[in-house]
Amino acid sequence: AIRRCTYSTGKVSDFGQPTSASHPQVCFLTCPHHSDVRKHAFYFMFTSQLMKEGEITPGIATKEYISRRKRLLELLPENSLAIIAAAPVKMMTDVVPYTFRQDADYSYLTGCQQPGGVAVLGHECGLCMFMPEPKPHDVVWQGLIAGVDAALEIFKAEEAYPVSKLDKILPNMIKRSSKLFHNKLTATPTYTDLETFQNAAHVGKVSDLSIFTHELRWVKSPSELKLMKESAAIACQALLQTMLHSKTYPHEGMLSAKVEYECRMRGAQRMAFNPVVGGGPNASVIHYSRNDQKIKDGDLVLMDVGCELHGYCSDLTRTWSPCGSFSSIQEELYDLILQTNKECIRLCRPGASIRQIHNCSVELLCKGLKEIGILKRDAFRLYHQLNPTSIGHYLGMDVHDCSMISYDRPLKPGVVMTIEPGIYVPSSFDGPERYQGTGIRIEDEVLITETGCEVLTGSMPKEIKHIESLLNNYSYTKGMEAATV
(Lines give C-alpha, C1' and ligand atoms only; values in the text may rest on other atoms or scores of the structure.)
Protein backbone atom coordinates (compact mmCIF):
# COMPACT_ATOMS: atom_id res chain seq x y z
CA ALA A 1 0.00 0.00 0.00
CA ILE A 2 1.29 3.46 -0.85
CA ARG A 3 0.70 6.29 1.57
CA ARG A 4 1.65 9.87 0.82
CA CYS A 5 1.30 13.13 2.73
CA THR A 6 2.34 16.07 0.60
CA TYR A 7 2.46 19.81 1.14
CA SER A 8 1.85 22.38 -1.55
CA THR A 9 4.53 25.06 -1.85
CA GLY A 10 2.26 27.36 -3.89
CA LYS A 11 1.84 29.88 -1.05
CA VAL A 12 5.27 29.44 0.53
CA SER A 13 8.26 31.64 -0.31
CA ASP A 14 11.00 29.87 -2.25
CA PHE A 15 14.42 30.73 -0.83
CA GLY A 16 16.38 28.57 -3.24
CA GLN A 17 16.84 25.65 -0.82
CA PRO A 18 14.58 23.54 1.42
CA THR A 19 13.08 25.18 4.53
CA SER A 20 10.72 23.86 7.18
CA ALA A 21 7.92 25.79 5.46
CA SER A 22 8.55 24.50 1.95
CA HIS A 23 9.65 20.93 2.77
CA PRO A 24 7.71 19.55 5.75
CA GLN A 25 6.31 16.64 3.73
CA VAL A 26 6.51 13.03 4.81
CA CYS A 27 6.19 10.49 2.03
CA PHE A 28 6.77 6.77 2.38
CA LEU A 29 5.98 3.39 0.92
CA THR A 30 4.65 0.67 3.20
CA CYS A 31 4.82 -3.01 2.44
CA PRO A 32 2.80 -5.88 3.95
CA HIS A 33 5.92 -8.07 3.82
CA HIS A 34 7.83 -6.56 6.73
CA SER A 35 10.83 -8.82 6.17
CA ASP A 36 11.46 -7.28 2.77
CA VAL A 37 14.17 -4.75 3.65
CA ARG A 38 14.37 -3.58 0.05
CA LYS A 39 10.88 -2.09 0.37
CA HIS A 40 11.65 -0.64 3.79
CA ALA A 41 14.49 1.31 2.19
CA PHE A 42 11.82 3.61 0.73
CA TYR A 43 10.55 4.45 4.18
CA PHE A 44 14.02 5.53 5.21
CA MET A 45 14.47 7.54 2.03
CA PHE A 46 11.54 9.89 2.48
CA THR A 47 11.47 10.35 6.24
CA SER A 48 15.15 11.36 6.15
CA GLN A 49 14.20 14.40 4.04
CA LEU A 50 11.95 15.95 6.69
CA MET A 51 12.74 19.57 7.60
CA LYS A 52 11.79 20.46 11.15
CA GLU A 53 10.81 23.86 12.48
CA GLY A 54 13.91 25.81 13.52
CA GLU A 55 16.32 24.00 11.18
CA ILE A 56 18.31 25.76 8.46
CA THR A 57 19.48 22.48 6.95
CA PRO A 58 18.06 19.02 7.73
CA GLY A 59 19.21 18.00 11.18
CA ILE A 60 21.05 21.24 12.04
CA ALA A 61 19.13 23.94 13.91
CA THR A 62 19.46 27.70 13.49
CA LYS A 63 20.83 28.03 17.02
CA GLU A 64 23.68 25.66 16.17
CA TYR A 65 24.74 27.81 13.21
CA ILE A 66 24.66 30.88 15.46
CA SER A 67 26.74 29.03 18.06
CA ARG A 68 29.32 28.06 15.42
CA ARG A 69 29.78 31.70 14.41
CA LYS A 70 30.05 32.74 18.05
CA ARG A 71 32.76 30.16 18.69
CA LEU A 72 34.66 31.26 15.59
CA LEU A 73 34.59 34.87 16.79
CA GLU A 74 36.04 33.68 20.10
CA LEU A 75 38.97 32.14 18.20
CA LEU A 76 39.57 35.11 15.91
CA PRO A 77 42.02 37.78 17.14
CA GLU A 78 40.50 41.05 18.33
CA ASN A 79 39.58 43.49 15.56
CA SER A 80 39.99 40.86 12.82
CA LEU A 81 37.67 39.98 9.97
CA ALA A 82 36.82 36.63 8.35
CA ILE A 83 35.77 36.46 4.69
CA ILE A 84 34.23 33.22 3.41
CA ALA A 85 33.06 32.86 -0.18
CA ALA A 86 30.61 30.24 -1.40
CA ALA A 87 31.95 27.53 -3.70
CA PRO A 88 32.03 28.48 -7.38
CA VAL A 89 29.95 26.80 -10.08
CA LYS A 90 32.18 24.48 -12.14
CA MET A 91 31.26 23.90 -15.76
CA MET A 92 31.26 20.53 -17.53
CA THR A 93 30.65 22.16 -20.93
CA ASP A 94 29.93 25.71 -22.02
CA VAL A 95 26.33 25.64 -20.75
CA VAL A 96 26.22 22.51 -18.55
CA PRO A 97 27.46 22.84 -14.95
CA TYR A 98 28.67 20.03 -12.74
CA THR A 99 26.38 19.28 -9.81
CA PHE A 100 26.98 22.04 -7.30
CA ARG A 101 28.44 21.22 -3.89
CA GLN A 102 28.81 23.96 -1.31
CA ASP A 103 32.16 24.72 0.32
CA ALA A 104 32.24 23.05 3.74
CA ASP A 105 33.32 26.17 5.68
CA TYR A 106 30.68 28.39 4.06
CA SER A 107 28.02 25.76 4.69
CA TYR A 108 29.23 25.17 8.27
CA LEU A 109 28.92 28.86 9.19
CA THR A 110 25.84 29.95 7.21
CA GLY A 111 23.83 26.91 6.12
CA CYS A 112 23.39 28.54 2.70
CA GLN A 113 23.56 25.96 -0.10
CA GLN A 114 23.86 28.14 -3.18
CA PRO A 115 26.76 29.71 -5.09
CA GLY A 116 27.49 33.38 -5.59
CA GLY A 117 27.55 34.65 -2.01
CA VAL A 118 30.24 36.06 0.26
CA ALA A 119 29.94 35.97 4.05
CA VAL A 120 31.87 38.30 6.34
CA LEU A 121 32.19 37.69 10.05
CA GLY A 122 33.58 40.20 12.52
CA HIS A 123 33.35 41.20 16.17
CA GLU A 124 31.79 44.54 15.20
CA CYS A 125 29.41 43.51 12.38
CA GLY A 126 28.56 39.92 13.36
CA LEU A 127 27.51 37.99 10.25
CA CYS A 128 27.22 40.13 7.14
CA MET A 129 26.11 38.31 3.98
CA PHE A 130 26.49 39.58 0.44
CA MET A 131 23.89 37.73 -1.63
CA PRO A 132 23.59 37.18 -5.40
CA GLU A 133 20.93 39.03 -7.36
CA PRO A 134 19.13 36.87 -9.93
CA LYS A 135 18.29 38.34 -13.30
CA PRO A 136 14.86 37.53 -14.80
CA HIS A 137 16.62 35.26 -17.31
CA ASP A 138 18.30 33.33 -14.47
CA VAL A 139 15.00 32.82 -12.65
CA VAL A 140 13.38 31.43 -15.79
CA TRP A 141 16.17 28.93 -16.38
CA GLN A 142 17.33 28.10 -12.84
CA GLY A 143 14.57 29.15 -10.45
CA LEU A 144 14.56 31.50 -7.49
CA ILE A 145 17.58 31.84 -5.19
CA ALA A 146 18.16 33.13 -1.69
CA GLY A 147 18.72 36.86 -1.59
CA VAL A 148 18.99 39.60 1.03
CA ASP A 149 15.65 38.73 2.63
CA ALA A 150 16.68 35.09 3.07
CA ALA A 151 20.01 36.13 4.58
CA LEU A 152 18.18 38.03 7.30
CA GLU A 153 15.15 35.78 7.75
CA ILE A 154 16.52 32.26 7.16
CA PHE A 155 20.26 32.46 7.82
CA LYS A 156 19.94 35.05 10.62
CA ALA A 157 22.60 37.45 9.37
CA GLU A 158 22.94 40.71 11.30
CA GLU A 159 23.50 42.58 8.02
CA ALA A 160 22.81 41.67 4.39
CA TYR A 161 23.42 43.39 1.06
CA PRO A 162 23.31 42.53 -2.65
CA VAL A 163 26.72 41.27 -3.78
CA SER A 164 26.83 44.20 -6.22
CA LYS A 165 27.41 46.49 -3.21
CA LEU A 166 30.34 44.49 -1.85
CA ASP A 167 32.98 46.73 -3.48
CA LYS A 168 31.49 49.75 -1.69
CA ILE A 169 30.91 48.23 1.77
CA LEU A 170 33.67 45.65 2.31
CA PRO A 171 36.66 48.02 1.76
CA ASN A 172 35.64 50.12 4.78
CA MET A 173 35.27 46.96 6.87
CA ILE A 174 38.77 45.85 5.80
CA LYS A 175 40.28 49.26 6.61
CA ARG A 176 38.91 49.05 10.16
CA SER A 177 40.42 45.58 10.70
CA SER A 178 43.92 44.77 11.87
CA LYS A 179 43.94 41.25 10.45
CA LEU A 180 42.07 39.41 7.67
CA PHE A 181 41.31 35.69 7.39
CA HIS A 182 39.73 34.08 4.36
CA ASN A 183 39.05 30.70 2.82
CA LYS A 184 41.85 30.38 0.28
CA LEU A 185 40.23 27.44 -1.53
CA THR A 186 37.18 29.45 -2.59
CA ALA A 187 38.77 32.89 -2.78
CA THR A 188 37.01 34.89 -5.48
CA PRO A 189 38.05 38.00 -7.41
CA THR A 190 34.84 39.58 -6.09
CA TYR A 191 36.83 40.53 -2.99
CA THR A 192 40.48 39.56 -3.71
CA ASP A 193 40.65 42.16 -6.51
CA LEU A 194 39.69 44.94 -4.10
CA GLU A 195 42.56 47.37 -3.59
CA THR A 196 42.13 47.30 0.18
CA PHE A 197 42.38 43.48 0.24
CA GLN A 198 45.46 43.48 -1.97
CA ASN A 199 47.12 46.12 0.23
CA ALA A 200 46.39 44.04 3.32
CA ALA A 201 47.82 40.93 1.65
CA HIS A 202 50.93 42.87 0.58
CA VAL A 203 51.80 43.79 4.18
CA GLY A 204 51.10 40.29 5.53
CA LYS A 205 47.71 40.98 7.14
CA VAL A 206 45.89 38.12 5.31
CA SER A 207 45.92 34.51 6.55
CA ASP A 208 44.06 31.25 5.90
CA LEU A 209 40.82 30.96 7.89
CA SER A 210 40.89 27.14 7.88
CA ILE A 211 43.23 27.04 10.89
CA PHE A 212 40.17 28.13 12.90
CA THR A 213 37.28 26.53 11.01
CA HIS A 214 38.95 23.11 10.96
CA GLU A 215 39.47 23.38 14.70
CA LEU A 216 35.73 23.93 15.13
CA ARG A 217 34.73 21.20 12.69
CA TRP A 218 37.12 18.59 14.12
CA VAL A 219 34.91 17.64 17.10
CA LYS A 220 31.36 16.93 15.96
CA SER A 221 28.23 18.07 17.78
CA PRO A 222 25.43 15.60 18.68
CA SER A 223 23.44 16.83 15.66
CA GLU A 224 26.38 16.29 13.35
CA LEU A 225 27.02 12.83 14.75
CA LYS A 226 23.41 11.86 14.17
CA LEU A 227 23.76 12.77 10.49
CA MET A 228 27.10 10.99 10.24
CA LYS A 229 25.65 7.82 11.73
CA GLU A 230 22.76 7.97 9.26
CA SER A 231 25.20 8.55 6.39
CA ALA A 232 27.27 5.55 7.50
CA ALA A 233 24.15 3.39 7.83
CA ILE A 234 23.06 4.28 4.29
CA ALA A 235 26.50 3.46 2.88
CA CYS A 236 26.58 0.12 4.74
CA GLN A 237 23.14 -0.90 3.47
CA ALA A 238 24.04 0.17 -0.06
CA LEU A 239 27.37 -1.66 -0.08
CA LEU A 240 25.78 -4.81 1.35
CA GLN A 241 23.16 -4.83 -1.41
CA THR A 242 25.94 -4.26 -3.95
CA MET A 243 27.99 -7.11 -2.51
CA LEU A 244 25.04 -9.47 -2.88
CA HIS A 245 24.53 -8.16 -6.43
CA SER A 246 28.16 -8.86 -7.39
CA LYS A 247 27.83 -12.62 -7.86
CA THR A 248 25.27 -12.17 -10.64
CA TYR A 249 26.73 -8.97 -12.15
CA PRO A 250 30.53 -9.03 -11.66
CA HIS A 251 31.21 -5.84 -13.62
CA GLU A 252 32.97 -2.84 -12.07
CA GLY A 253 30.70 -0.32 -13.76
CA MET A 254 27.52 -2.13 -12.76
CA LEU A 255 28.63 -2.36 -9.13
CA SER A 256 29.48 1.35 -9.14
CA ALA A 257 26.02 2.16 -10.50
CA LYS A 258 24.36 -0.22 -8.05
CA VAL A 259 25.95 1.30 -4.95
CA GLU A 260 25.08 4.84 -6.05
CA TYR A 261 21.49 3.81 -6.76
CA GLU A 262 21.16 2.16 -3.34
CA CYS A 263 22.63 5.21 -1.57
CA ARG A 264 20.36 7.69 -3.31
CA MET A 265 17.26 5.55 -2.82
CA ARG A 266 17.99 5.69 0.91
CA GLY A 267 18.15 9.49 0.98
CA ALA A 268 21.76 10.41 0.16
CA GLN A 269 22.05 13.51 -2.01
CA ARG A 270 25.23 12.35 -3.76
CA MET A 271 28.22 10.06 -3.48
CA ALA A 272 31.00 11.46 -1.29
CA PHE A 273 33.47 10.54 -4.06
CA ASN A 274 33.53 8.48 -7.24
CA PRO A 275 33.30 4.84 -6.07
CA VAL A 276 36.49 2.80 -6.30
CA VAL A 277 35.57 -0.59 -7.78
CA GLY A 278 38.76 -2.50 -8.46
CA GLY A 279 38.52 -6.08 -9.66
CA GLY A 280 41.61 -8.30 -9.67
CA PRO A 281 44.81 -6.31 -10.40
CA ASN A 282 42.82 -3.05 -10.49
CA ALA A 283 42.40 -3.35 -6.71
CA SER A 284 46.13 -2.70 -6.33
CA VAL A 285 45.60 0.85 -7.67
CA ILE A 286 44.67 2.79 -4.53
CA HIS A 287 42.34 5.36 -6.09
CA TYR A 288 41.33 3.37 -9.17
CA SER A 289 38.25 5.01 -10.69
CA ARG A 290 37.85 3.79 -14.29
CA ASN A 291 35.43 1.05 -13.21
CA ASP A 292 35.22 -0.32 -16.75
CA GLN A 293 36.27 -3.98 -16.56
CA LYS A 294 34.58 -7.30 -15.93
CA ILE A 295 35.72 -9.03 -12.74
CA LYS A 296 37.19 -12.41 -13.55
CA ASP A 297 35.93 -15.51 -11.80
CA GLY A 298 38.01 -16.07 -8.67
CA ASP A 299 39.33 -12.50 -8.48
CA LEU A 300 38.72 -10.23 -5.52
CA VAL A 301 36.93 -6.91 -5.88
CA LEU A 302 37.81 -3.93 -3.68
CA MET A 303 35.05 -1.35 -3.23
CA ASP A 304 35.74 1.97 -1.52
CA VAL A 305 32.50 3.95 -1.28
CA GLY A 306 30.83 6.72 0.66
CA CYS A 307 27.80 8.93 0.37
CA GLU A 308 26.83 12.40 1.52
CA LEU A 309 23.75 13.04 3.64
CA HIS A 310 22.82 16.70 4.18
CA GLY A 311 26.47 17.75 4.04
CA TYR A 312 28.05 14.87 6.01
CA CYS A 313 30.14 12.12 4.43
CA SER A 314 30.62 8.42 4.99
CA ASP A 315 33.59 6.33 3.83
CA LEU A 316 34.11 2.56 4.00
CA THR A 317 35.82 -0.21 2.07
CA ARG A 318 35.28 -3.94 1.77
CA THR A 319 37.12 -6.53 -0.30
CA TRP A 320 35.52 -9.83 -1.26
CA SER A 321 35.32 -12.54 -3.89
CA PRO A 322 32.12 -12.19 -5.97
CA CYS A 323 32.21 -15.91 -6.76
CA GLY A 324 31.49 -16.56 -3.07
CA SER A 325 34.75 -18.19 -2.06
CA PHE A 326 38.21 -16.91 -1.08
CA SER A 327 41.23 -18.90 -2.23
CA SER A 328 43.75 -19.96 0.42
CA ILE A 329 46.22 -17.32 -0.81
CA GLN A 330 43.58 -14.58 -0.76
CA GLU A 331 42.43 -15.68 2.68
CA GLU A 332 45.98 -15.59 4.05
CA LEU A 333 46.54 -11.97 3.01
CA TYR A 334 42.99 -10.90 3.86
CA ASP A 335 43.30 -12.25 7.39
CA LEU A 336 46.43 -10.15 7.97
CA ILE A 337 44.55 -6.99 6.90
CA LEU A 338 41.52 -7.95 9.01
CA GLN A 339 43.54 -8.54 12.18
CA THR A 340 45.36 -5.22 11.64
CA ASN A 341 42.01 -3.48 11.18
CA LYS A 342 40.70 -4.94 14.46
CA GLU A 343 43.85 -4.15 16.43
CA CYS A 344 43.95 -0.55 15.18
CA ILE A 345 40.29 -0.06 16.09
CA ARG A 346 41.10 -1.27 19.61
CA LEU A 347 43.68 1.52 19.83
CA CYS A 348 41.12 4.22 19.01
CA ARG A 349 40.45 6.11 22.22
CA PRO A 350 40.83 9.62 23.68
CA GLY A 351 44.50 10.56 23.98
CA ALA A 352 45.71 8.34 21.16
CA SER A 353 46.60 9.86 17.78
CA ILE A 354 46.28 8.79 14.17
CA ARG A 355 50.08 8.83 13.95
CA GLN A 356 50.44 6.38 16.83
CA ILE A 357 47.80 4.08 15.36
CA HIS A 358 49.45 4.32 11.94
CA ASN A 359 52.86 3.36 13.35
CA CYS A 360 51.28 0.34 15.01
CA SER A 361 49.66 -0.70 11.72
CA VAL A 362 53.00 -0.50 9.91
CA GLU A 363 54.63 -2.77 12.52
CA LEU A 364 51.80 -5.31 12.32
CA LEU A 365 51.73 -5.39 8.53
CA CYS A 366 55.52 -5.54 8.14
CA LYS A 367 55.69 -8.44 10.57
CA GLY A 368 52.84 -10.26 8.84
CA LEU A 369 54.19 -9.69 5.33
CA LYS A 370 57.56 -11.08 6.40
CA GLU A 371 55.91 -14.19 7.82
CA ILE A 372 53.92 -14.70 4.62
CA GLY A 373 57.04 -14.21 2.50
CA ILE A 374 56.03 -11.12 0.56
CA LEU A 375 58.73 -9.02 2.26
CA LYS A 376 62.21 -10.44 2.80
CA ARG A 377 64.88 -7.76 2.82
CA ASP A 378 64.77 -4.03 3.54
CA ALA A 379 61.20 -4.63 4.70
CA PHE A 380 60.38 -1.09 5.82
CA ARG A 381 61.37 0.50 2.50
CA LEU A 382 59.59 -2.13 0.43
CA TYR A 383 56.51 -1.95 2.66
CA HIS A 384 55.88 1.62 1.54
CA GLN A 385 55.76 0.37 -2.06
CA LEU A 386 52.90 -1.87 -0.97
CA ASN A 387 51.10 0.74 1.13
CA PRO A 388 52.05 4.43 0.86
CA THR A 389 48.89 5.56 2.69
CA SER A 390 48.09 6.52 6.28
CA ILE A 391 46.04 4.17 8.46
CA GLY A 392 43.22 6.70 8.34
CA HIS A 393 42.01 10.27 8.15
CA TYR A 394 39.46 12.55 9.78
CA LEU A 395 35.95 12.40 8.36
CA GLY A 396 33.06 14.88 8.40
CA MET A 397 31.74 17.48 5.98
CA ASP A 398 34.63 16.56 3.69
CA VAL A 399 35.90 13.03 3.08
CA HIS A 400 39.41 14.02 4.16
CA ASP A 401 38.12 16.41 6.79
CA CYS A 402 39.94 19.08 8.78
CA SER A 403 43.28 18.77 6.97
CA MET A 404 44.77 21.54 9.15
CA ILE A 405 44.54 19.27 12.21
CA SER A 406 47.75 17.29 12.67
CA TYR A 407 47.69 13.50 12.80
CA ASP A 408 49.77 13.88 15.97
CA ARG A 409 46.88 15.62 17.78
CA PRO A 410 45.51 13.55 20.70
CA LEU A 411 42.03 12.34 19.76
CA LYS A 412 38.97 13.68 21.57
CA PRO A 413 35.43 12.36 22.05
CA GLY A 414 33.35 13.47 19.07
CA VAL A 415 36.12 13.06 16.48
CA VAL A 416 35.28 10.74 13.58
CA MET A 417 38.05 9.04 11.63
CA THR A 418 38.67 6.07 9.36
CA ILE A 419 40.74 2.96 10.02
CA GLU A 420 41.77 1.48 6.68
CA PRO A 421 44.75 -0.89 6.59
CA GLY A 422 45.50 -2.24 3.13
CA ILE A 423 48.06 -3.94 0.96
CA TYR A 424 48.39 -3.19 -2.75
CA VAL A 425 50.72 -5.58 -4.58
CA PRO A 426 51.23 -4.44 -8.18
CA SER A 427 51.71 -7.01 -10.91
CA SER A 428 55.27 -5.73 -11.35
CA PHE A 429 56.25 -6.20 -7.68
CA ASP A 430 59.44 -8.18 -7.11
CA GLY A 431 57.96 -10.81 -4.85
CA PRO A 432 56.12 -14.14 -4.87
CA GLU A 433 54.15 -14.38 -8.10
CA ARG A 434 51.05 -15.76 -6.35
CA TYR A 435 50.50 -12.39 -4.59
CA GLN A 436 51.13 -10.14 -7.58
CA GLY A 437 48.18 -8.07 -8.76
CA THR A 438 46.35 -8.27 -5.42
CA GLY A 439 44.77 -5.37 -3.54
CA ILE A 440 42.96 -5.68 -0.20
CA ARG A 441 41.64 -2.92 2.05
CA ILE A 442 39.21 -3.06 4.97
CA GLU A 443 38.02 0.39 6.01
CA ASP A 444 35.71 1.34 8.86
CA GLU A 445 34.44 4.63 10.28
CA VAL A 446 35.25 5.11 13.95
CA LEU A 447 33.77 7.64 16.39
CA ILE A 448 35.93 8.45 19.42
CA THR A 449 33.86 8.27 22.61
CA GLU A 450 34.53 9.07 26.28
CA THR A 451 35.53 5.46 27.00
CA GLY A 452 36.95 4.29 23.69
CA CYS A 453 35.27 4.21 20.30
CA GLU A 454 32.17 3.23 18.35
CA VAL A 455 32.46 1.65 14.90
CA LEU A 456 29.85 3.42 12.78
CA THR A 457 30.21 0.87 9.97
CA GLY A 458 30.07 -2.14 12.29
CA SER A 459 26.95 -3.52 10.58
CA MET A 460 28.94 -4.19 7.40
CA PRO A 461 30.36 -7.77 7.39
CA LYS A 462 34.12 -8.21 7.14
CA GLU A 463 34.77 -11.75 8.42
CA ILE A 464 35.46 -14.17 5.56
CA LYS A 465 32.99 -16.75 6.85
CA HIS A 466 30.26 -14.12 7.10
CA ILE A 467 30.93 -12.77 3.60
CA GLU A 468 31.00 -16.23 2.02
CA SER A 469 27.85 -17.29 3.84
CA LEU A 470 25.97 -14.15 2.77
CA LEU A 471 26.98 -14.44 -0.88
CA ASN A 472 26.26 -18.15 -1.18
CA ASN A 473 23.01 -18.18 0.80
CA TYR A 474 21.70 -15.14 -1.07
CA SER A 475 22.57 -16.79 -4.39
CA TYR A 476 20.83 -20.01 -3.30
CA THR A 477 17.71 -18.06 -2.23
CA LYS A 478 17.56 -16.19 -5.55
CA GLY A 479 17.91 -19.50 -7.40
CA MET A 480 15.01 -21.03 -5.45
CA GLU A 481 12.85 -17.96 -6.17
CA ALA A 482 13.59 -18.25 -9.92
CA ALA A 483 12.77 -21.97 -9.87
CA THR A 484 9.30 -21.35 -8.43
CA VAL A 485 8.32 -18.72 -10.99
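The values are calculated or read from the model by the stated rules, or taken from the named source; none is laboratory data. As the structure is a computational prediction, the values presented were derived from the model and not from experiment. Every residue, glycine among them, receives a Cβ derived from its backbone with ideal geometry; neighbour counts consider all protein chains shown. Ligands, DNA and RNA are excluded from the accessible area calculation, which covers all protein heavy atoms including side chains. Shrake-Rupley method; radii C 1.70, N 1.55, O 1.52, S 1.80 Å.
Among the numbered criteria (1) over 24 Å from residue 383 (Cα atoms); (2) open to solvent by less than 50 Å² (accessible area, probe 1.4 Å), which single criterion is violated by residue 431?
The single condition residue 431 does not satisfy is (1).
It is to be established whether one or more residues within the range 287-297 are under 30 Å from residue 82 (Cα atoms) and polar (S, T, N, Q).
Scanning the range 287-297 turns up no residue that is under 30 Å from residue 82 (Cα atoms) and polar (S, T, N, Q).
For the range 373-382, does any single residue satisfy the condition of being closer than 26 Å to residue 271 by Cα and open to solvent by 10 Å² or more (accessible area, probe 1.4 Å)?
Within the range 373-382, not a single residue is closer than 26 Å to residue 271 by Cα and open to solvent by 10 Å² or more (accessible area, probe 1.4 Å).
Table: residues versus (1) part of a helix (DSSP H, G or I); (2) in contact with a Ser or Thr (Cβ under 9 Å, 6 or more places away or on another chain); (3) under 24 Å from residue 359 (Cβ atoms).
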| position | (1), (2), (3) |
| --- | --- |
| 398 | no, no, no |
| 401 | no, no, yes |
| 409 | no, yes, yes |
| 423 | no, yes, yes |
| 446 | no, yes, yes |
| 450 | no, no, no |
| 465 | yes, no, no |
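Residues to consider are 67, 80; find the one that is closer than 30 Å to residue 204 by Cα, out of contact with any Lys or Arg (no Cβ under 9 Å at 6 or more places or on another chain) and polar (S, T, N, Q).
Only one candidate passes the filter, namely 67.
Out of the residues in the range 270-288 that are touching a strand residue (DSSP E or B) at 6+ places or on another chain (Cβ under 8 Å), without any contact (Cβ under 8 Å) to a residue 40 or more places away in the chain and within 16 Å of residue 307 (Cα to Cα), state the one that is surrounded by the most Cβ atoms within 10 Å (Cβ to Cβ).
277
Scan the range 153-179 residue by residue and report those that are open to solvent by 80 Å² or more (accessible area, probe 1.4 Å) and not acidic (Asp, Glu).
Within the range 153-179, 156, 165, 168, 175, 176 meet the criteria.
Within the range 89-112, which residues are closer than 19 Å to residue 16 by Cβ, over 16 Å from the mean Cα position of the chain (by Cα) and surrounded by fewer than 21 Cβ atoms within 10 Å (Cβ to Cβ)?
89, 90, 97, 98 - these are the residues of the range 89-112 that are closer than 19 Å to residue 16 by Cβ, over 16 Å from the mean Cα position of the chain (by Cα) and surrounded by fewer than 21 Cβ atoms within 10 Å (Cβ to Cβ).
Being in contact with a Cys (Cβ under 7 Å, 6 or more places away or on another chain) and open to solvent by less than 20 Å² (accessible area, probe 1.4 Å) is the filter here, so list the residues in the range 357-372 that pass it.
Within the range 357-372, 357, 361 meet the criteria.
Could you list, ordered by first residue, the pairs with Cβ atoms under 7 Å in which the first is in the range 118-147 and closer than 19 Å to residue 188 by Cα and the second is aromatic (Phe, Trp, Tyr) and modelled with pLDDT of 85 or more, at least 6 apart or interchain?
118/130; 118/191; 119/106; 129/155; 130/161
Of everything in the range 328-343, what is of a type in the set (D, E, K, R) and in contact (Cβ under 8 Å) with a residue 40 or more places away in the chain? Give them in sequence order.
331, 332, 335
Name the pairs: first residue in the range 225-241 and under 14 Å from residue 272 (Cα atoms) and aliphatic (A, V, I, L, M), second residue part of a helix (DSSP H, G or I) and open to solvent by 10 Å² or more (accessible area, probe 1.4 Å), Cβ to Cβ under 7 Å, at least 6 apart or on different chains?
238/262
Just to be sure, is residue 314 closer than 29 Å to residue 265 by Cα, polar (S, T, N, Q) and open to solvent by 60 Å² or more (accessible area, probe 1.4 Å)?
In short, no.
Keeping to the range 244-269, report how many residues are open to solvent by 40 Å² or more (accessible area, probe 1.4 Å) and assigned to a loop (DSSP other than H, G, I, E, B).
Total satisfying the criteria: 4.
Anything in the range 325-368 that is touching a helix residue (DSSP H, G or I) at 6+ places or on another chain (Cβ under 7 Å), more than 24 Å from residue 416 (Cα to Cα) and not polar (S, T, N, Q)? List them, or say none.
326, 329, 331, 332, 333, 334, 336, 366, 368
In this structure, is residue 325 touching a residue at least 12 places away in the same chain (Cβ under 8 Å), small (Gly, Ala, Ser) and closer than 16 Å to residue 244 by Cα?
It is true that residue 325 is touching a residue at least 12 places away in the same chain (Cβ under 8 Å), small (Gly, Ala, Ser) and closer than 16 Å to residue 244 by Cα.
Go through the range 285-299 and give me each residue that's among the polar types (S, T, N, Q) and either in a strand (DSSP E or B) or modelled with pLDDT of 95 or more (or both).
Scanning the range 285-299 gives 291, 293.
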